[in-house]
1. If only one of 230, 282 is closer than 27 Å to residue 301 by Cβ, surrounded by 13 or more Cβ atoms within 10 Å (Cβ to Cβ), at pLDDT 90 or above and hydroxyl-bearing (Ser, Thr, Tyr), which one is it?
2. Can you find even one residue in the range 36-43 that is within 14 Å of the ligand (Cβ to nearest atom) and surrounded by fewer than 20 Cβ atoms within 10 Å (Cβ to Cβ)?
3. Go over the candidates 72, 67, 17 one by one and state the one that is loosely packed, with under 13 Cβ neighbours inside 10 Å, more than 9 Å from the ligand (Cβ to nearest atom) and modelled with pLDDT of 95 or more.
4. Just one of 37, 11, 77 is at pLDDT 90 or above, under 24 Å from residue 157 (Cα atoms) and among the charged types (D, E, K, R); which is it?
5. Can you find even one residue in the range 148-158 that is crowded, with 23+ Cβ neighbours inside 10 Å, more than 22 Å from the chain's Cα centre (by Cα) and either more than 11 Å from the ligand (Cβ to nearest atom) or of a type in the set (Phe, Trp, Tyr) (or both)?
6. Looking at the range 351-383 only, could you name the residues that are in a strand (DSSP E or B), among the hydrophobic types (A, V, I, L, M, F, W, C) and more than 14 Å from the chain's Cα centre (by Cα)?
7. One residue is enough: does the range 78-86 have a residue meeting the conditions more than 10 Å from residue 146 (Cβ to Cβ) and within 16 Å of the ligand (Cβ to nearest atom)?
8. Among 147, 130, which is the only one that is in the same structural domain as residue 30 (by TED's automatic domain parsing) and closer than 23 Å to residue 384 by Cβ?
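The values are calculated or read from the model by the stated rules, or taken from the named source; none is laboratory data. Small disclaimer: the values here were computed from a predicted structure and weren't measured. Reconstructed Cβ throughout: ideal geometry from the backbone, glycine too, with neighbour counts over all protein chains shown.
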Amino acid sequence: MSWPRLRSVGRKNTTTSTATGPLEMTALRDNWEELARSIPMRSILWRQRPWEAEEFFATGREQVDRSMTTLSDLGIRPAGRALDFGCGIGRLTQALANQFDEVVGVDVAAPMIEQAKNYNRFGERCRYLVNATDDLRQFENASFDFVFSLIVLQHVGTPLAMRYISEFVRVLRPGGVAMFQAPSEIVSTLPLAPSAIRAELELIEPPLEGLENLPSASIVSLQIRVRNASSLPWLPEHRIIVAGKWRDRDGRTVVDPEQGPRTPLTLGIDAAASADIAAEVSLPSEPGPHVLEFDLHQVGHGWFAEQGSRPLAIPISVIGGVAPENTRAPGPEQPDRAVAATPPPIEMHAVPRAEVLRILQAGGAEPVAVLDDTSAGYEWVSFTYVAQKRSSGLRRWLRGAAGQRRMNS
Ligand SMILES: C[S@@+](CC[C@H](N)C(=O)[O-])C[C@H]1O[C@@H](n2cnc3c(N)ncnc32)[C@H](O)[C@@H]1O
């Protein structure tokens with residue numbers, strides 16, 4: 001699977017200042033309910049091709065295995081009752097049910113929960129509940145041994161994410177462990193020197209005749225050769241993305257540029273060297289002659305074409321009628337075959353690492369590890385946090401130590 005990521009579209013908010021109101025909560029819920037009805041699997045793990053249920057759930061098992069290995073390396077072997085916050089259709093929850101006596105998955109979107117119930121293979125040991133409040137008030141204090149949440153807090157907005165983190169700690173039993181992921185900030189990259197902003201792009205496969213009269217909303221695979229036409233290397237830390245923009249034949253952009261194909265140059269390219277990249281492209285649903293224009297984009301800085309580099313224009317003609325394999329059949333048991341060919345508009349937000357650590361400490365949890373994480377995509381610095389709720393003995397000791405320090409000062 002190539003670089004699964006959720007596309008960040010719209011506002012990228014890294015501030016912590018705005019308050020969350022009921023309206024924001026409603027908008028969040030409505031958006032996810034809509035996504036759950038149209039492209040449940042691809043809204044959770046974006047890729048151009050639809051998922052089959054089996055391969056989708058296999059990614060959950062692989063992820064949970066990796067997470068459990070990470071915990072075991074830290075000397076932590078969680079057991080008992082687990083909470084999966086923002087469970088979606090149960091990709092991770094089902095895998096957690098293999099490891100824990102009891103698992104509860106919660107999600108803001110009722111249609112996600114309905115589908116999760118349909119995919120449940122563990123009966124009463126695995127339960128799914130809607131949680132549409134800005135907290136976890138439906139759960140008692142100290143009622144879980146483990147709280148897990150991946151690729152959720154990044155979508156809820158900073159103030160809400162902060163509130164949920166403190167709720168994770170509240171619902172943990174003393175000694176219990178929280179493991180959750182959250183982006184901390186947008187990556188900052190050094191700008192490329194102007195003389196390094198020179199690329200040559202070439203379509204290798206398929207031949208141009210293969211791009212005529214394709215059904216709308218179908219998917220084609222392109223192979224593109226990218227040459228660094230400068231005398232300076234492009235390094236991985238420059239964070240360069242090969243991105244396609246859909247234009248009509250008059251050069252007007254017809255699809256949001258954030259929603260075209262994007263492939264990061266994760267290995268960089270040496271001066272005067274080339275690399276071939278594979279791009280899976282969802283064709284527009286509008287029939288007609290289109291142009292897919294590929295250019296390079298440096299995260300945080302801009303498009304190469306703006307600095308005089310020549311983009312690659314690929315003419316692609318689209319005819320009406322949705323490709324049969326891209327048609328969604330109704331019902332939660334069906335594979336994720338959506339008519340929509342563009343990624344869903346899902347916002348991305350960050351909680352600065354220092355804030356996360358402060359909330360954990362204030363709630364009575366000790367951060368055990370802060371691990372680099374790539375699941376928020378190429379444009380974000382993101383972490384997986386592991387924190388353990390202090391046991392009352394430790395809490396008493398810490399209170400005593402704090403009291404001692406106060407007395408000594
Ligand atoms: C990208 S999906 C991840 C699903 C699941 N964690 C996984 O990795 O398979 C994000 C999920 O978070 C849910 N979500 C968004 N905001 C939420 C909130 N405030 N409370 C609970 N769930 C929320 C969405 O409905 C969606 O199912």
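1. On the way: 282 fails: at pLDDT 90 or above.
None of the other options fit; the residue is 230.
2. Of the range 36-43, the ones within 14 Å of the ligand (Cβ to nearest atom) are 36-43.
Still in the running and surrounded by fewer than 20 Cβ atoms within 10 Å (Cβ to Cβ): 37-38.
Yes, the range 36-43 has at least one match.
3. Values: 67 fails: loosely packed, with under 13 Cβ neighbours inside 10 Å; 17 fails: modelled with pLDDT of 95 or more.
Checking each option against the conditions leaves just 72.
4. Values: 11 fails: at pLDDT 90 or above; 77 fails: under 24 Å from residue 157 (Cα atoms).
Result of the check over 37, 11, 77: 37.
5. Taking every residue of the range 148-158 in turn, none turns out to be crowded, with 23+ Cβ neighbours inside 10 Å, more than 22 Å from the chain's Cα centre (by Cα) and either more than 11 Å from the ligand (Cβ to nearest atom) or of a type in the set (Phe, Trp, Tyr) (or both).
6. Taking the range 351-383 and keeping what is in a strand (DSSP E or B), we get 365-373, 380-383.
Restricting the remaining residues to those that are among the hydrophobic types (A, V, I, L, M, F, W, C) gives 365, 368-371, 380-381, 383.
Matches in the range 351-383: 365, 368, 369, 370, 371.
7. Taking the range 78-86 as the starting set, the residues that turn out to be more than 10 Å from residue 146 (Cβ to Cβ) are 85-86.
Still in the list and also within 16 Å of the ligand (Cβ to nearest atom): 85-86.
Yes, the conditions are met somewhere in the range 78-86.
8. 147
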